[in-house]
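K.L.:
The structure that follows is given in the form of structure tokens.
The values are calculated or read from the model by the stated rules, or taken from the named source; none is laboratory data. From a predicted model like this one, the values you see are computed outputs, not experimental measurements. Virtual Cβ from ideal backbone geometry, glycine too; neighbours counted across all protein chains shown.
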Amino acid sequence: METMKAMVLDRLAPIETRPLKLESLPMPSPKKGEVLLEIEACGVCRSNLHMIEGDWKDIGSPSRLPVVPGHEVVGVVKMADGAKKFRVGDRVGIQPLFSSCMKCEYCLKGREHLCDDAEITGESVQGGYAEYIAASEEFVTRIPDNIDSPHAAPLFCPGITAYKAVMASEPAKNRSVGIFGVGGVGHLAVQLAKLEGSRVVAISRTKGHLDLAKKLGADNAVVYQESVDQFVKSLKKDEGFLDSAIVFAPSEKAIDAAIKSVKKGGTVVVGVVGNIPSFSAFEEKTIRGTVIGSRQDMADLVKIAAAGSLKVVIETYKLAEANDVLARLKKSEVEARAVLVP
Ligand SMILES: [Zn+2]
Ligand SMILES: [Zn+2]
């Protein structure tokens, strides 16, 4: 039997205990309608860390163990016998939405990422911390030649998350948007909001992240402070209230700060798991949630990236280093996006 190397999780545990083990697994065999990919890159996501450490047990993730994590995957088609749209040698990416039912009201209206019967890459099916993966040809996205695989991988989770959130913030010329959290997702949101014409205000507690945001085109950068009142006061002085805000920092306080940072009638987009702490109806503010995106969103984003103006900042690591990378991510030591290259 042919085998492949993969980083396998068989128990949920703190990343310091190195719960991912390098193992030999049988090669996936593609079913009808699927392609077999030889993986060239897989992004390392904070969601992977949450799942591995058991933070998401209560919301049913992972729904299988053992599991191979990883949900921003780029690979080259090695087998396409049962597929119609792709040929051997094509390069494609897989996003967290591995597949969906294609029959429910969401799937029929192009919002398949909201499907209740969706499979999630690296959570309910095997993911990309591996050398090979099989995936449905209906749910993979073609990658143009001018984006290399390590830079393409983050488009498939932080990229689409940033894109959806920026579009939900109603970007426009003469409208300001505050981006709370400038990591793997935020650094792309800064650029996408600029491309849409907004005035971009980056907000982070880390100076390195603010410097990066400035380098990537942010018009202003404001240091996030633990005291929400203090922060709002300094934002008001330095920038004024915002037309909209997007939250990628996984903190209730950051969501609270974002709500208080927008003008009356403003929009707050929440792109992380988190509760809404306080909300006053009489300020006519809108709070919207976003989660990844549809296949059309994915294709649109890849097109924007291929046009060349989106800079994806990455660090690359070997597959076997996944535990170490995730530990670094936990300590906020990764500048933008870590990518595993098998
Ligand atoms: Zn992710
Ligand atoms: Zn569905």
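K.L.:
Assigned by TED's automatic domain parsing to the domain that holds V334, of a type in the set (D, E) and either in contact with a strand residue (DSSP E or B) (Cβ under 6 Å, 6 or more places away or on another chain) or more than 27 Å from V334 (Cα to Cα) (or both): is that true of E16 in this structure? Even if it seems obvious, please write down each step before you answer.
P.N.:
On the way: assigned by TED's automatic domain parsing to the domain that holds V334: yes; of a type in the set (D, E): yes; either in contact with a strand residue (DSSP E or B) (Cβ under 6 Å, 6 or more places away or on another chain) or more than 27 Å from V334 (Cα to Cα) (or both): no.
Taking the combined requirement at face value, the residue does not satisfy it.
K.L.:
Does segment 13-49 hold any residues that are without any contact (Cβ under 8 Å) to a residue 24 or more places away in the chain and either within 16 Å of ligand 1 (Cβ to nearest atom) or not in a strand (DSSP E or B) (or both), and which are they?
P.N.:
Keep residues of segment 13-49 that are without any contact (Cβ under 8 Å) to a residue 24 or more places away in the chain, which gives 17, 21, 23-24.
Passing the criteria: only T17.
K.L.:
If you don't mind, another one. Go through segment 267-302 and give me each residue that's assigned to a strand (DSSP E or B) and buried (at least 22 other Cβ atoms within 10 Å of the Cβ). Full working, then the answer.
P.N.:
Applying the first criterion (assigned to a strand (DSSP E or B)) to segment 267-302 yields 267-270, 286-289.
Selection gives V268, V269, V270.
K.L.:
Of the conditions (1) buried (at least 21 other Cβ atoms within 10 Å of the Cβ); (2) among the aliphatic types (A, V, I, L, M); (3) without any contact (Cβ under 8 Å) to a residue 24 or more places away in the chain, V223 clears all except one; give me its number.
P.N.:
All conditions pass for V223, except number (1).
K.L.:
Can I ask one more? Mind checking which residues of segment 233-248 are surrounded by 18 or more Cβ atoms within 10 Å (Cβ to Cβ) and either of a type outside the set (A, V, I, L, M) or closer than 13 Å to A165 by Cα (or both)? Let's see the steps before the verdict.
P.N.:
Our first condition is that a residue be surrounded by 18 or more Cβ atoms within 10 Å (Cβ to Cβ); within segment 233-248, this holds for 235, 239, 242-248.
Correct list: E239, D243, S244, A245, I246, V247, F248.
K.L.:
Which one is nearest to E16 (Cα to Cα), of the residues in segment 286-329 that are of a type in the set (D, E, K, R) and within 16 Å of the chain's Cα centre (by Cα)? Write out each step before concluding.
P.N.:
First pass over segment 286-329, keeping only residues of a type in the set (D, E, K, R): 288, 295, 297, 300, 303, 311, 315, 318, 321, 324, 328.
Restricting the remaining residues to those that are within 16 Å of the chain's Cα centre (by Cα) gives 295, 297, 300, 311, 315.
Numbers: R295: 35, D297: 36, D300: 38, K311: 31, E315: 20 Å.
Taking the candidates together, the pick is E315.
K.L.:
Restricting the first residue to segment 331-342 and requiring it to be touching a residue at least 24 places away in the same chain (Cβ under 8 Å) and crowded, with 16+ Cβ neighbours inside 10 Å, which pairs with a second residue that is hydroxyl-bearing (S, T, Y) and in a loop (DSSP other than H, G, I, E, B) meet a Cβ separation below 8 Å and a spacing of at least six or different chains?
P.N.:
From segment 331-342, the pairs are L340/Y129.
K.L.:
For S149, state whether it is more than 16 Å from ligand 2 (Cβ to nearest atom), modelled with pLDDT of 95 or more, closer than 24 Å to Y317 by Cα and among the hydroxyl-bearing types (S, T, Y). Don't jump to the end; show me each part of the working.
P.N.:
On the way: more than 16 Å from ligand 2 (Cβ to nearest atom): yes; modelled with pLDDT of 95 or more: yes; closer than 24 Å to Y317 by Cα: yes; among the hydroxyl-bearing types (S, T, Y): yes.
In short, yes.
K.L.:
Further, regarding this structure: Could you tell me whether segment 219-228 includes any residue that is charged (D, E, K, R) and farther than 19 Å from L310 by Cα? Give the steps one after another, and end with the answer.
P.N.:
First pass over segment 219-228, keeping only residues charged (D, E, K, R): 219, 226.
Still in the running and farther than 19 Å from L310 by Cα: 226.
Yes, the conditions are met somewhere in segment 219-228.
K.L.:
Another one. Name, by its number, the condition in (1) of a type outside the set (F, W, Y); (2) at pLDDT below 95; (3) under 29 Å from K330 (Cα atoms) that does not hold for A83.
P.N.:
(3)
K.L.:
In addition: May I ask you to verify whether N174 is of a type in the set (S, T, N, Q), assigned by TED's automatic domain parsing to the domain that holds M27 and either part of a helix (DSSP H, G or I) or more than 16 Å from ligand 1 (Cβ to nearest atom) (or both)?
P.N.:
Working: of a type in the set (S, T, N, Q): yes; assigned by TED's automatic domain parsing to the domain that holds M27: no; either part of a helix (DSSP H, G or I) or more than 16 Å from ligand 1 (Cβ to nearest atom) (or both): yes.
No; evaluated as a whole, the condition is false for this residue.
K.L.:
Can you confirm whether K207 is modelled with pLDDT of 95 or more and surrounded by fewer than 20 Cβ atoms within 10 Å (Cβ to Cβ)? Walk me through how you get there before you give the answer.
P.N.:
Numbers: modelled with pLDDT of 95 or more: no; surrounded by fewer than 20 Cβ atoms within 10 Å (Cβ to Cβ): yes.
It is false that K207 is modelled with pLDDT of 95 or more and surrounded by fewer than 20 Cβ atoms within 10 Å (Cβ to Cβ).
K.L.:
For a quick check of your reading: which strands (runs of 3 or more DSSP E) sit entirely within segment 53-137 and have at least 2 residues that are away from ligand 2 (no atom under 16 Å from the Cβ) and in contact (Cβ under 8 Å) with a residue 24 or more places away in the chain?
P.N.:
Working: elements: 73-79, 91-94, 97-99, 132-136.
Qualifying strands (runs of 3 or more DSSP E): 73-79, 91-94, 132-136.
K.L.:
Report, by residue number, each residue of segment 94-112 that is away from ligand 1 (no atom under 16 Å from the Cβ) and of a type outside the set (D, E). Don't jump to the end; show me each part of the working.
P.N.:
Quick first cut of segment 94-112, residues away from ligand 1 (no atom under 16 Å from the Cβ) only: 99-112.
Hits for segment 94-112 are S99, S100, C101, M102, K103, C104, Y106, C107, L108, K109, G110, R111.
K.L.:
For R91, are the conditions met, namely being away from ligand 1 (no atom under 16 Å from the Cβ), under 21 Å from the mean Cα position of the chain (by Cα) and closer than 22 Å to I147 by Cα? Show your work before the answer.
P.N.:
Numbers: away from ligand 1 (no atom under 16 Å from the Cβ): yes; under 21 Å from the mean Cα position of the chain (by Cα): yes; closer than 22 Å to I147 by Cα: yes.
Here the answer is yes, as R91 does meet what is asked.
K.L.:
Okay, next question. Residues being under 17 Å from P69 (Cα atoms), modelled with pLDDT under 95 and crowded, with 20+ Cβ neighbours inside 10 Å: count how many of those fall in segment 303-330.
P.N.:
1
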